[in-house]
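*Asks:* Here it is, the structure, as structure tokens.
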Amino acid sequence: MKILAIETSCDETAIALVEAKGELKKPRFKILKNLVASQIKIHRPFGGIVPNLAKREHLKNLPILFQKIFNIRTSDVLNIDLIAVTVGPGLEPCLWTGINFAKEIYKELRIKNKELRIIGANHLDGHLYSNLLNSKSYILYPAISLIVSGGHTILLLMKDLVRYKKLGETRDDAVGESFDKVARLLGLPYPGGPEIEKLAKYGRQTAIDFPRPMINQKNYDFSFSGLKTSVLYYLRDQQLKTKNYKLKANVAASFQSAAFDVLIYKTLRAAKEFKTRSILVSGGVASNNSLRNYLKLRIKNLELRINLLIPPKKFCTDNAAIIAVAGYINYLQKKKHHLNAQGNLTI
Ligand code: KG4
Ligand code: ZN
């Protein structure tokens, strides 16, 4: 079936056209188009996302992307079988723009295509299932899934694709959020994650001994706000030197290493405890090369027989192809979400 997917939960306006096949045991996807209009430049001067500006940009970008998707053959638009749209979590004014746009298209196309369906998708399911977009990746169960984005840090235990249990999550800031906040402390632009990654390459990760919050606690929860505060205090004490590039690079490398130590330690502990055969990592922070390489290395060094799956970077950060996948999995399960913005929807 052909799925038109729409994503507007945060600061990326995204529309994708994806061909989906197969049952829940082995769903398969082929991306026909995957367009993302980034709003980074608009929010950058403010150091973070301004919800009203984001909404305005979504309203402007949605029709443009829709046109681009169908510019080859307009008749393609009538071959869509399913419209999938993100209903949450995210910024509600932004979610509404996508939902209303999806509903309008649905109403319009239904006149000629009575079989057309519309379905709500959970943005977090999008990240969770993003590994399915890589036809070569095969998930062996049980699996541990680590979702690391700007709004969430969640560890799940998966019995199969649709039966999963939350083991833990962050109690305060999400890991991506802490990257963004630390970047701001260092005077780096928004979004902070890629900037910290770039700067960290020039620093020593053992230069500053930042705390590894909750690493020794038996639960699978996380906390990143204290780590950010430690960076704040460190920079305050070093006030006179904050213009020192080397010092900033050391802070970036040491902070990144502290955050990833906790993520990796708890993920591997869960994998060992539950004897899992795969580890899935997803979300914007999963596009960080240090995290990707360090996790791979730890699995190898510990001689764990675990299949590590991390999507290509373009499927880690927000896009609509992952929403098509989440929509298809909902469709197969006959799972329905109300077509209302649900800012605090969880997994
Ligand atoms: O998944 P995503 O695109 O949007 C949300 O659902 O939140 O994740 C965005 C987050 C931001 O906090 C951003 O700073 C972080 O992912 N991020 C990174 C990297 N690229 C994006 N964090 C660390 N290293 C990166 N390379
Ligand atoms: Zn996301």
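*Asks:* For the stretch 1-15, how many residues meet the condition of being more than 16 Å from ligand 2 (Cβ to nearest atom) and either modelled with pLDDT under 90 or part of a loop (DSSP other than H, G, I, E, B) (or both)?
*Replies:* Kept after step one, since they are more than 16 Å from ligand 2 (Cβ to nearest atom), are these residues of the stretch 1-15: 1-4.
Narrowing the set further to residues that are either modelled with pLDDT under 90 or part of a loop (DSSP other than H, G, I, E, B) (or both) leaves 1.
Count: 1.
*Asks:* Just to be sure, is residue 144 buried (at least 22 other Cβ atoms within 10 Å of the Cβ), within 17 Å of residue 286 (Cβ to Cβ) and more than 16 Å from ligand 1 (Cβ to nearest atom)?
*Replies:* Working: buried (at least 22 other Cβ atoms within 10 Å of the Cβ): yes; within 17 Å of residue 286 (Cβ to Cβ): yes; more than 16 Å from ligand 1 (Cβ to nearest atom): yes.
Taking the combined requirement at face value, the residue satisfies it.
*Asks:* For the stretch 300-323: of the residues being in contact with a strand residue (DSSP E or B) (Cβ under 7 Å, 6 or more places away or on another chain) and more than 16 Å from ligand 1 (Cβ to nearest atom), which is farthest from residue 106 (Cα to Cα)? Steps first, please.
*Replies:* Our first condition is that a residue be in contact with a strand residue (DSSP E or B) (Cβ under 7 Å, 6 or more places away or on another chain); within the stretch 300-323, this holds for 306-311, 316, 318-321, 323.
Add one more test, that the residue is more than 16 Å from ligand 1 (Cβ to nearest atom), and what stays is 306-309.
Values: 306: 43, 307: 40, 308: 38, 309: 35 Å.
Taking the candidates together, the pick is 306.
*Asks:* Now a separate question. Looking at residue 220, is it under 30 Å from residue 143 (Cα atoms), modelled with pLDDT of 95 or more and either basic (Lys, Arg) or in a loop (DSSP other than H, G, I, E, B) (or both)?
*Replies:* Numbers: under 30 Å from residue 143 (Cα atoms): yes; modelled with pLDDT of 95 or more: yes; either basic (Lys, Arg) or in a loop (DSSP other than H, G, I, E, B) (or both): yes.
Yes; evaluated as a whole, the condition is true for this residue.
*Asks:* Hey, among 323, 299, which residue is surrounded by fewer than 22 Cβ atoms within 10 Å (Cβ to Cβ) and aliphatic (A, V, I, L, M)?
*Replies:* Numbers: 323 fails: surrounded by fewer than 22 Cβ atoms within 10 Å (Cβ to Cβ).
The conditions single out 299.
*Asks:* Please pick out the residue among 178, 149, 135 that is within 16 Å of ligand 1 (Cβ to nearest atom), closer than 30 Å to residue 335 by Cβ and among the hydroxyl-bearing types (Ser, Thr, Tyr).
*Replies:* Numbers: 178 fails: closer than 30 Å to residue 335 by Cβ; 135 fails: within 16 Å of ligand 1 (Cβ to nearest atom).
Going through 178, 149, 135 in turn, just one is within 16 Å of ligand 1 (Cβ to nearest atom), closer than 30 Å to residue 335 by Cβ and among the hydroxyl-bearing types (Ser, Thr, Tyr): 149.
*Asks:* Restricting attention to helices (runs of 4 or more DSSP H) lying wholly within the stretch 16-127, give those where 3 or more residues are modelled with pLDDT of 95 or more. Spell out the reasoning first.
*Replies:* Values: elements: 40-43, 51-69, 92-110.
Filter on the stretch 16-127 gives 51-69, 92-110.
*Asks:* On the given criteria, is residue 271 small (Gly, Ala, Ser), away from ligand 2 (no atom under 16 Å from the Cβ) and not in a helix (DSSP H, G or I)? Reasoning before the result, please.
*Replies:* Numbers: small (Gly, Ala, Ser): yes; away from ligand 2 (no atom under 16 Å from the Cβ): yes; not in a helix (DSSP H, G or I): no.
Answer is no for this residue.
*Asks:* Could I ask something else about it? Under 8 Å by Cβ, and 6 or more places apart or on different chains, what pairs join a residue from the stretch 191-213 that is touching a residue at least 60 places away in the same chain (Cβ under 8 Å) with one that is of a type in the set (D, E, K, R) and within 16 Å of ligand 2 (Cβ to nearest atom)?
*Replies:* 191/180; 193/180
*Asks:* Now for a different question. Determine, yes or no, whether residue 139 is surrounded by 15 or more Cβ atoms within 10 Å (Cβ to Cβ), closer than 28 Å to residue 21 by Cα and within 16 Å of ligand 2 (Cβ to nearest atom). It would help to see each step written out before you state the result.
*Replies:* Working: surrounded by 15 or more Cβ atoms within 10 Å (Cβ to Cβ): yes; closer than 28 Å to residue 21 by Cα: yes; within 16 Å of ligand 2 (Cβ to nearest atom): no.
Spelling it out, it is not the case that residue 139 is surrounded by 15 or more Cβ atoms within 10 Å (Cβ to Cβ), closer than 28 Å to residue 21 by Cα and within 16 Å of ligand 2 (Cβ to nearest atom).
*Asks:* Still on this structure, please answer the following. Name the residue, out of 130, 178, that is under 26 Å from residue 47 (Cβ atoms), at pLDDT 95 or above and either in contact with an Asp or Glu (Cβ under 6 Å, 6 or more places away or on another chain) or of a type outside the set (Asp, Glu) (or both).
*Replies:* Values: 130 fails: under 26 Å from residue 47 (Cβ atoms).
Selected residue: 178, the only one of 130, 178 that is under 26 Å from residue 47 (Cβ atoms), at pLDDT 95 or above and either in contact with an Asp or Glu (Cβ under 6 Å, 6 or more places away or on another chain) or of a type outside the set (Asp, Glu) (or both).
The values are calculated or read from the model by the stated rules, or taken from the named source; none is laboratory data. Just so we're clear, the structure is a prediction, and the values are computed from it rather than from any experiment. Note that each Cβ is placed from the backbone with ideal geometry, even for glycine, and that neighbours are counted across all protein chains shown.
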